[in-house]
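Inspection log for the structure reproduced underneath, given as structure tokens.
The values are calculated or read from the model by the stated rules, or taken from the named source; none is laboratory data. It should be emphasised that the depicted structure is a prediction, and the values quoted were computed from it without experimental measurement. A quick note on method: Cβ atoms are made from the backbone with ideal geometry, for glycine too, and the neighbour counts reach across all protein chains shown. Surface accessibility is based on the protein's heavy atoms, side chains included, excluding ligands, DNA and RNA. Shrake-Rupley method; radii C 1.70, N 1.55, O 1.52, S 1.80 Å.
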Amino acid sequence: MRFSGQSTPHESARAHVTGEALYTDDLMSRFPGILHAWPVMAPHAHALLARLDISGAEASPCVAAVLTAKDVPGENDSGANRHDEPLFPEEIAYHSQPVAWVLGESLEAARIGALQVRAEYRPLPAILTIEDAIAAQSFHSTPQRIVRGDAAVAIAASPHRIEGRLSIGGQEHFYLETKCAIARMDESGGVMVEASTQHPAETQEIVARVLGVARHRVTVECLRMGGAFGGKEVQANPLATIAALGAAKTGRPVRVRLPRRQDFALTGKRHPFQAQFTAGFDENGRICGLDLTLYSDAGWSLDLSDPVMGRALFHCDNAYLIPALSATGYVCKTHKTSQTAFRGFGGPQGMVVIEDILDRIARTLAVEPHIIRERNFYREGDVTHYGQTVKDADRIARIWEELKTSSNFYERLAAIHRFNAAEHHRKRGIAITPVKFGISFTATFYNQGGALVLVYRDGSVQVNHGGTEMGQGLITKTRQIAADCLGVEIDAIRMMPPRTDKVPNTSATAASASTDLNGAAIRDACRQIQARLAPVAARMLDCDETQVRFADGLVNDALTFAQVVEAAYKQRVPLFAHGYYRTPEIQYDSKTAQGRPFSYYAYGAAVSEVKVDGFTGEYRVLRADILEDVGDSVSPLIDRGQVEGGFIQGLGWLTLEEFLWDAEGRVATAGASTYKLPSWSEVPEEFHVSFLKRATEPGVIMGSKAVGEPPLMLAISVREAIRAAVAAFGSKGIVAIDSPATPERVFWALRRAQGREPISSTAAEVMHG
Ligand code: MTE
Ligand code: MOS
């Protein structure tokens, strides 16, 4: 039996619902004498720390220690890429930035102690918006640019031109488990860190750097995460570091866990973006040239903002050939939380813009938007603006056609036109949008994975690899893969939580590539073990080595795996192996902005239908149909969960979740009461998810494809359906609406469509031709 391809439940599903699944913070009770940390937070977005007096806190009851810069034996910085994140700052760079951490016998004691810290600040002017940053030329890095042909010439020569801008809001990760770490001194003077981190190896690196010790002194383990979505890719590090510093200073275990409000106030989100564009197109709506400038609001430190902008620029084509393109990205430095990875990693922002532009082209020419989209699709063999050949571009059209048929697209479109002609105060809209998402870390060196497979004499197996579980099902999938690759029953495989002392120097569990990388590393290890067992089995079976087959816990259906393993042990054959994988054939030159950054593309498309109320701007998603290309799914139930969850998370970002900062730079939406998340009521009333058939992806483990991030961008179809409904309130014209398309924004947009409001300045339009 093959386990890959089976719809198995998530390996922790039962433990999740019974509460038996352990998360980092659940370990707290196992460490008597554990201390709890509470930050002293600066009440300014930008200021100098003039004085810090911790004596009051030190004298406060049940306070064990107060951590400040003086306690840092190594480097006072937790920046993962650029070293630009002082742990204990002299200059405050965002509102609520911690200036000291109080360790108490209880959380309450730490909190009361923190109130006794006397800090004086000299406030400085703060940069709080992209506009401010542009005016002040406040950028983290030099602009990134990808150029193909001469966009200005192509646009000037085009029969039609549009100019516009689009503001795209950020997004809070809102993982259910807020950030958490527990550190303690281990048995031999090292530090053991339990952390809710997507990147244990980097957490180890940063902890070691701050403690001023070699990395072998630090061990990091991640049991599992209650969601991460990119938010724990680098931003788990500073908190793990505080816990480790506290353990080093006091010799006692230390726990750092952010309450929800602090998680909102202190840690990064999806980058808000501003886009400015000029597009030239022909009578058929084919884009001739595009000039695009993107600005991201990166916050106070660089974090992953450069590669996030890079991915936005890589994906500003989505599934469309743009023959002449000039795309520039500015990473704005503002006095806000440091914006970070979030499912799609800049890709969604890039794609929203091109889909917005295509709809504007369609409205300008009064042609149905899906037709304009189709006309601009990549064809087989086309090359992207960064020089990568889209080798399976025919999948875009194949998915598109199959989905239009299965969703009854044309019949519904006609019905909606009839509905809209008859109704004045309610309109419906339907839209179909594609996704083409590049799979691989764009920093090529990250595309490697490692595994350690241990076979015990009874035939049971422990599998270690570098990937972390955040709910996405990686452990379920890699367990299926391990069982198949070794030829044992799935119950023989125990998956171990990732630890840096098992598999070193691992990459972040990110970029949707974790099954590809870790699964292939496991396969490598399993092949080595089988190759060593084969001669042993051949002698036992009196056959040729090449005839030995491992399957279902049996060898050639004659011996048990355990029998062969025990015999091998007696013959002094090693029963463990490390496996390794690096993605072949990828390369990228960031100087020329050309290469093949992606191993392959994940494709999909979605049709969404909405109804919009003309009096309030409220809308409902009536139906969504998704066709996703996951290759040969390793775990269809898991993949379905990823597609559904990703879509809803994208819908939240594009329609509901409005992240606001106030005039002082404070997070104004710091909880579920003010930050509107999608819930059951936002799930489409009718929701169909299916996978593309005959879609084996050659060269990838089990012929599968990455699925973690791409479905999020399918939710752009909801935004486009809302725009279509808004358009139906007017007679013709472009629908400019910033993101998220909240009911308020939809209301004002439909008033503009009705000609009752002037075009707003933020969504200003200039039309030519
Ligand atoms: N699914 C769940 N349930 N929870 C998460 O935190 N993170 C997403 C995606 N799906 C996430 C998730 C993100 S941002 C990425 S990059 C991938 O999972 C990472 O896991 P993978 O490489 O195994 O797909
Ligand atoms: Mo995902 S944003 O790559 O962690």
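Under the criterion of Cα pairs below 8 Å and six or more residues apart, the relative contact order for the chain equals 16 percent.
With a cut-off of 15 Å between beta carbons, the residues surrounding Thr293 carry a summed charge of -3, where Lys and Arg count +1 and Asp and Glu -1. Here the Karplus curve 6.51 cos²θ - 1.76 cosθ + 1.60, taken at θ = phi - 60°, turns the phi angles of segment 499-515 into couplings of 9, 6, 8, 9, 10, x, 6, 7, 8, 4, 7, 6, 6, 6, 9, 5, 5 Hz, with x standing for Gly and Pro. The GluC sites (Glu not before Pro) of segment 481-581 include none that meets both conditions, a loop assignment by DSSP and at most 13 other Cβ atoms within 10 Å of the site Cβ.
Among 301-313, 653-665, sorting by the average number of other beta carbon atoms lying within 10 angstrom of each residue, highest first, gives 301-313, 653-665.
Over segment 95-206, accessible surface divided per residue gives 40 Å², non-protein components excluded, 1.4 Å probe. Backbone geometry of segment 696-705 corresponds, through the Karplus equation with coefficients 6.51, -1.76 and 1.60 at θ = phi - 60°, to 3J(HN,Hα) couplings of 3, 9, x, x, 10, 3, 6, x, 8, 9 Hz, x marking Gly and Pro. Computed extension length for Cys543-Gln137: 138.8 nm, one decimal, from 0.36 nm per residue of separation with the Cα-Cα distance subtracted. Treating r as the C-beta distance of Arg118 and Glu75 and R0 as 45 Å, the FRET efficiency rounds to 0.95. One decimal place: the segment Gln754-Ser406 gains 121.9 nm when fully extended, by the rule 0.36 nm per residue minus the C-alpha distance. Roughly how many Å is it from the Cα centre of segment 533-612 to that of segment 221-257, as a whole number? Their Cα centres are 33 Å away from one another.
At a Förster distance of 30 Å, what's the computed FRET efficiency of Arg582 paired with Met496, Cβ-Cβ distance as r, to 0.05? Once rounded, the FRET efficiency stands at 0.85. Reducing segment 430-468 and segment 356-381 to their Cα centroids gives an inter-centroid distance of 36 Å. The residue among Ala244, Gln349, Gly164 whose Cα reaches farthest toward the positive pole of the charge dipole of the chain, with charges on the beta-carbon of Lys, Arg, Asp and Glu, is Gly164. Using a simple spin-label model with pseudo-atoms 7 Å out from Cα toward Cβ, Glu489 and Ala672 lie 4.1 nm apart. Over the chain, DSSP H runs of length four or greater, each weighted -39,500 (n - 2.57), average out per residue to a 222 nm ellipticity of -8500 deg cm²/dmol.
The Cys residues in the chain with no partner Cys Cβ within less than 4.7 Å of their Cβ are Cys62, Cys180, Cys222, Cys288, Cys316, Cys332, Cys543. Segment 294-312 and segment 199-219 have Cα centres separated by 25 Å. To put it simply, the accessible area of the chain at a 1.4 Å probe is 52 percent carbon and sulfur. Peptide packing: for 674-685, 63-74, 447-458, 199-210, the average count of neighbouring Cβ atoms within 10 Å per residue gives the ranking 199-210, 447-458, 63-74, 674-685, highest mean first. Full extension of the segment from Thr560 to Glu664, taken as 0.36 nm per residue of separation minus the current Cα-Cα distance, would add 30.6 nm. Surface calculation, 1.4 Å probe, protein heavy atoms: Arg398 sits at approximately 60 Å² accessible. Here Glu618 and His417 are evaluated by their C-beta separation; at R0 = 25 Å the FRET efficiency comes out at 0.70. Of the peptides 97-103, 611-617, the order by per-residue mean of other Cβ atoms within 10 Å, starting with the highest, comes out as 97-103, 611-617.
From a point 7 Å beyond the Cα of Lys591 in the direction of its Cβ, which residues of segment 419-459 have a backbone N at a distance under 17 Å? What the label zone holds, given the 17 Å backbone N cut-off, is 444.
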